[in-house]
Structures are given as structure tokens and as C-alpha cells.
Amino acid sequence: MLLTGKSALVTGGASGIGEACVRLFTTEGASVLIADVDQRAGQALADELNAQGHRCHFTYADVSNEASVEAMIAKALELYTRLDCAVNNAGIGGAVDSIDNLSLANWQRVVDINLTSVFLCLKHELKVMKSQKSGSIVNVSSGAGLIAVANMAAYAASKHGVLGLSKTAATENLRTGIRVNAILPGSTRTPMVQASMDMDDDIKKMILDSARCGRLAEPMEIAQNIAWLCSDRASYVSGESICVDYATVCR
Ligand SMILES: NC(=O)c1ccc[n+]([C@@H]2O[C@H](COP(=O)([O-])OP(=O)(O)OC[C@H]3O[C@@H](n4cnc5c(N)ncnc54)[C@H](O)[C@@H]3O)[C@@H](O)[C@H]2O)c1
């Protein structure tokens, strides 16, 4: 199996792409800590996977809050004694509005949850991984990390920022044994995308048009690439930003 014996943390692991990562990582032999603000869904997923014989736990964590992130990392170490893989995936779409109408509060919320969270997670994951002299981190950005998304400025800016953070973290860790990469999913069939499509007809059209192969990605199709990056099969891959979007941003 791809991840036998590894311990992994998945933020936003209760739903969508994070949930697919949790399911795949456990199937591939990892022990997985789900960290999410959605206590009910996260605990239910852990219970389901444990009943199938996998090793999986849930902890409540708000990744935009440093104390909560520190407690999440401490929980992973308490459970598994080490942290081999971290998937910094939690995120939100945020308000849909033009920049001149966007409130500072809406901007700040998206930046806190999508970007500051990745800084906080990296900060505390890297401390642990440096002491182990090994680890693999995958940050979940987006196609919106490379291109403009009209009326979703905070989202696009935060996802561009995730790429900058990922490359910087990889560069700071060239000789520590820690790899850091980013995944840029295309439009993927998750509750977040459904909520964005329900909010605004223009966004719905943009999302459906963006699926150039005629369908949205399934969460598991994104998770497969994240699992590979976390595994030893990607042992010479760091500082990469990999689009999993069926050529959407190639236009
Ligand atoms: N679905 C897509 O099309 C798509 C495309 C590109 C990038 N992404 C990115 O993939 C990631 C996952 O998105 P998804 O579509 O699976 O969304 P989702 O809404 O299905 O899942 C996101 C999860 O993050 C959790 N979360 C939200 N705020 C949190 C916080 N402060 N602390 C901890 N957990 C929190 C939610 O409770 C939820 O379980 C996000 O970063 C998103 O931006 C998604």
C-alpha cells in the first residue's frame, strides 16, 4: 500500500476533497487524524472508518486560530507519536461580490481561513517534521491560484498566496528531509462547489464551463494525487504546484 505505517493529518477532512483524502489514506495504510470545525461529520467519518478496521481519529480544529492549530498538532503527536504527512486542505469559497462591494470582514474571513491557516499549519507542522528530519506536506490551492476569478477576489488572492507559501516552505526546507507541494484542483463535485453554484448564476456558469472535459472532477481524483505526493513514490518532488484540472487553466 502507498502509505503503510505513515501518520497523516487532513484539515477540512470532514467533507469533499478532505474526506476523500481521509478515505484513501486509511485504505492505503495510514493512520489519519481528521481536523475540522464540523464535529458531527468529522466524528461520523472517523467512526465509520474505524468500524471498517482502519485507524482514524477526529479532532475539532479551527485552522484560522493558532491555539487551535497547536492543539491539533499536539493531538496528532499524542495519538501517533509522529507526523509523516499533512494535507492543509480546509477552505471556504466566501462571499461573491465585486471588489468595490466586498466588505473587509468578508475579505478577512476568506484570507484567514484559506491563507493564514496554511501559514499556521505549516509553521507548526514544520517544527515537528524538522525534529523528525522527514515529512511531506501538501497544501490545497486551486486553479484560482493561477487565474482570475471575477467576483471572488478574496478566494483567488488567498489561493495565489497558498502557492507562494508552498514554494517558500519548500525552498526553506531543501535539506531538512521535508517536501512541500501544492495541488490545484479544478472544479470538483463537493459541497463547497455546490454552495457556490447555488449562490450565483454567473459563478455556476463559470464552474460548469470550466470543466473542459465535460464533467466536474470527483473528490477522489484529487485525493489520488495528494496521496501520491505524500508517499515515498514522490521522494524527489518538492516545491511543485500540480494542476489536477483536465487542462482547464491551459487556455
Ligand atoms: N471543490 C472544488 O472545486 C475546489 C477547487 C479548487 C480548490 N478547492 C479547495 O479544496 C479545499 C477543499 O474544498 P472542498 O470543495 O472539499 O470543500 P468542502 O466545503 O466540501 O470541505 C471543506 C471542509 O473544510 C472545513 N473547514 C472550513 N473552515 C474550516 C476551519 N476554519 N477550520 C477547519 N476546517 C474548516 C469544512 O467544515 C469542510 O469540512 C478548499 O481549500 C478549496 O478551496 C476546491
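With the stretch 75-182 as the region, which helices (runs of 4 or more DSSP H) entirely inside it contain at least 1 residues that are closer than 27 Å to Ser31 by Cα?
On the way: elements: 104-111, 117-132, 153-172.
Hits in the stretch 75-182: 117-132, 153-172.
Please go through the stretch 8-30 and give me each residue that is surrounded by fewer than 22 Cβ atoms within 10 Å (Cβ to Cβ), touching a helix residue (DSSP H, G or I) at 6+ places or on another chain (Cβ under 8 Å) and among the polar types (S, T, N, Q), ordered by number.
Answer for the stretch 8-30, where residues must be surrounded by fewer than 22 Cβ atoms within 10 Å (Cβ to Cβ), touching a helix residue (DSSP H, G or I) at 6+ places or on another chain (Cβ under 8 Å) and among the polar types (S, T, N, Q): just Ser15.
Applying the selection to the stretch 203-237, what residues are surrounded by 18 or more Cβ atoms within 10 Å (Cβ to Cβ) and not in a helix (DSSP H, G or I)?
Leu216, Ala217, Ser231
Show the residue pairs that are 6+ apart or on different chains and have beta-carbon atoms under 8 Å apart, the first residue being within the stretch 186-202 and in a helix (DSSP H, G or I), the second being polar (S, T, N, Q) and within 6 Å of the ligand (Cβ to nearest atom).
Pro191/Ser15; Met192/Ser15; Val193/Ser187
Select from the stretch 209-223 the residues that are more than 8 Å from the ligand (Cβ to nearest atom) and within 22 Å of the chain's Cα centre (by Cα) and write down the one among them that is nearest to Glu240 (Cα to Cα). Please lay out each step first, then the result.
Residues of the stretch 209-223 more than 8 Å from the ligand (Cβ to nearest atom): 209-215, 218, 220-221, 223.
Remaining after also requiring within 22 Å of the chain's Cα centre (by Cα): 210-211, 215, 218, 220-221, 223.
Working: Ser210: 23, Ala211: 23, Arg215: 26, Glu218: 22, Met220: 20, Glu221: 18, Ala223: 16 Å.
Only one residue tops the list, namely Ala223.
With (1) among the β-branched types (Val, Ile, Thr); (2) under 17 Å from Ile17 (Cα atoms); (3) within 12 Å of the ligand (Cβ to nearest atom) as the list, and Ile242 as the residue in question, which single condition is left unmet?
Condition not satisfied by Ile242: (3).
Picking from Asp97, Asp47, which residue would you name as being modelled with pLDDT under 95, surrounded by fewer than 19 Cβ atoms within 10 Å (Cβ to Cβ) and more than 19 Å from the chain's Cα centre (by Cα)? Please lay out each step first, then the result.
Working: Asp47 fails: modelled with pLDDT under 95.
From the options Asp97, Asp47, the qualifying one is Asp97.
I'd like the residue in the stretch 100-133 that is of a type in the set (Gly, Ala, Ser) and closer than 28 Å to Thr176 by Cα and, out of all such residues, is nearest to the chain's Cα centre (by Cα). Full working, then the answer.
Of all residues in the stretch 100-133, those of a type in the set (Gly, Ala, Ser) come to 103, 105, 117, 131.
Now narrow it down to the ones that are closer than 28 Å to Thr176 by Cα: 117, 131.
Working: Ser117: 10, Ser131: 23 Å.
Of everything passing the filter in the stretch 100-133, Ser117 is nearest to the chain's Cα centre (by Cα).
Does the stretch 27-48 contain at least one residue that is of a type in the set (Lys, Arg) and away from the ligand (no atom under 14 Å from the Cβ)?
Among the residues of the stretch 27-48, not one is of a type in the set (Lys, Arg) and away from the ligand (no atom under 14 Å from the Cβ), which makes the answer no.
The values are calculated or read from the model by the stated rules, or taken from the named source; none is laboratory data. All values derive from a computational prediction rather than experimental measurement. For neighbour counting, all protein chains shown are included, and Cβ atoms are generated from backbone atoms with ideal geometry for every residue, glycine included.
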